[in-house]
1. Mind checking which strands (runs of 3 or more DSSP E) fall wholly inside the stretch 123-220 and carry at least 2 residues that are within 27 Å of residue 233 (Cα to Cα)?
2. Starting from residues that are part of a loop (DSSP other than H, G, I, E, B) and among the aliphatic types (A, V, I, L, M), keep the ones in the stretch 11-63 and report whichever is surrounded by the fewest Cβ atoms within 10 Å (Cβ to Cβ).
3. Going by what's in this entry, would residue 121 be described as within 30 Å of residue 32 (Cα to Cα), polar (S, T, N, Q) and surrounded by 14 or more Cβ atoms within 10 Å (Cβ to Cβ)?
4. Can you go through 104, 111 and tell me which one is in a strand (DSSP E or B) and touching a Ser or Thr at 6+ places or on another chain (Cβ under 7 Å)?
5. When only residues in the stretch 158-170 that are of a type outside the set (A, V, I, L, M, F, W, C) and loosely packed, with under 14 Cβ neighbours inside 10 Å count, which is modelled with the lowest pLDDT?
6. Mind checking which pairs have a first residue in the stretch 53-66 that is in contact (Cβ under 8 Å) with a residue 24 or more places away in the chain and of a type in the set (A, V, I, L, M, F, W, C) and a second that is surrounded by fewer than 17 Cβ atoms within 10 Å (Cβ to Cβ) and in a loop (DSSP other than H, G, I, E, B), Cβ under 6 Å, 6 or more apart or different chains?
Amino acid sequence: MWLEDYEHVVDFRGRCYVVLYCVGGWGLLSAMSAQRQYHWEDDEASTWSIAERLFALAGFDLSSKSGEPSDEISTLKPAFVVHPGQDLRGAVLSALSKVPDFVYWEQSTPYVKELASDEESDYSYGGSGNHVIIAGRYGKRSPGYDHIEVFAGVDEYGIPIFGDEVDLIGHRLQKVYDYSYDTDAECDDRAVAQLRKHDAAKKRGQMETLPNVGLQLLDVVTVTDARAGVDSEVYRVRGGSRRCTTRRRSRWCTGRGWGWGEVSVAGLCHV
């Protein structure tokens, strides 16, 4: 985290403390913009190389762990332009929208990872012998889109990819126009990757539990909570924080939008 602002506070009880306002890597990228135009011709550089260059403009070294990135991020070499004044966060997300990879951060280092639907669970919560769940909430939402069409040129297009809920909620169509693709197969792969990212937001939840070592962002976890009828549901960890107090117990929590002590979890995609 990087310090953006701070203030000294005296509350009505006479207690004095300092409040720090910080931003992460995405916050720094949003605050920085391209000083000039950056242009890559078709088949000139891979999506990885483009993203690596954009992160480097803000002083970050893009990295990956063995087996985590997709094949497409190294093989797809699209035409791509970053205009003067465009914020670097938007430029990075635009480049990575062409591949099925997400970005997560470990301290000041960004990593890319494909959210594979067959990835094995890294840890289990709830259930006999597993890490105890103190509190939790679990839900599902309709996807933003369930019908994806990708068009590249006059003769290249992706076959529409439909989600499972089309018969229930109707067509929620997204048309994607990207002229960096040369074949129908590349358009199909983009449609699948696009739908997977929408599906990742369908399943959501949050839980409060005691600290455990080794849990990483975008890890797959298995959750069992008989109180809510949840039995071996699979989630991905989307964020986290640890809150330590002057009391004896510190807590590691999971959730969405609850302020301190939260970890967001999103559903594992099945595409």
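The values are calculated or read from the model by the stated rules, or taken from the named source; none is laboratory data. As the structure is a prediction and not an experimental result, all values here were calculated from the model. No Cβ is skipped: glycine too gets one built from the backbone with ideal geometry, and neighbour counts run over all protein chains shown.
1. Numbers: elements: 123-125, 133-140, 147-151, 173-177, 203-209.
Where strands (runs of 3 or more DSSP E) fall fully within the stretch 123-220 and carry at least 2 residues being within 27 Å of residue 233 (Cα to Cα), they are 123-125, 133-140, 147-151, 203-209.
2. Filtering the stretch 11-63 down to residues part of a loop (DSSP other than H, G, I, E, B) leaves 11-15, 24, 32, 34-37, 41-46, 58-62.
Now restrict to residues that are among the aliphatic types (A, V, I, L, M): 32, 34, 45, 58, 62.
Working: 32: 15, 34: 17, 45: 17, 58: 17, 62: 18.
Going through the qualifying residues, I end up with 32.
3. Details: within 30 Å of residue 32 (Cα to Cα): no; polar (S, T, N, Q): yes; surrounded by 14 or more Cβ atoms within 10 Å (Cβ to Cβ): yes.
Against the criterion (within 30 Å of residue 32 (Cα to Cα), polar (S, T, N, Q) and surrounded by 14 or more Cβ atoms within 10 Å (Cβ to Cβ)), residue 121 does not qualify.
4. Working: 104 fails: touching a Ser or Thr at 6+ places or on another chain (Cβ under 7 Å).
Result of the check over 104, 111: 111.
5. Taking the stretch 158-170 first, the residues of a type outside the set (A, V, I, L, M, F, W, C) are 158, 160, 163-165, 167, 170.
Filter once more, keeping what is loosely packed, with under 14 Cβ neighbours inside 10 Å: 164, 167, 170.
On the way: 164: 69, 167: 77, 170: 80.
So the residue we want is 164.
6. 58/32
Rundown of residues vs (1) under 19 Å from the mean Cα position of the chain (by Cα); (2) in contact (Cβ under 8 Å) with a residue 60 or more places away in the chain; (3) exposed (fewer than 15 other Cβ atoms within 10 Å of the Cβ), yes/no style:
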{"site": "172", "(1), (2), (3)": "no, no, no"}
{"site": "179", "(1), (2), (3)": "no, yes, yes"}
{"site": "183", "(1), (2), (3)": "no, no, yes"}
{"site": "197", "(1), (2), (3)": "yes, yes, no"}
{"site": "202", "(1), (2), (3)": "yes, yes, no"}
{"site": "207", "(1), (2), (3)": "yes, yes, no"}
{"site": "217", "(1), (2), (3)": "yes, yes, no"}
{"site": "225", "(1), (2), (3)": "no, yes, no"}
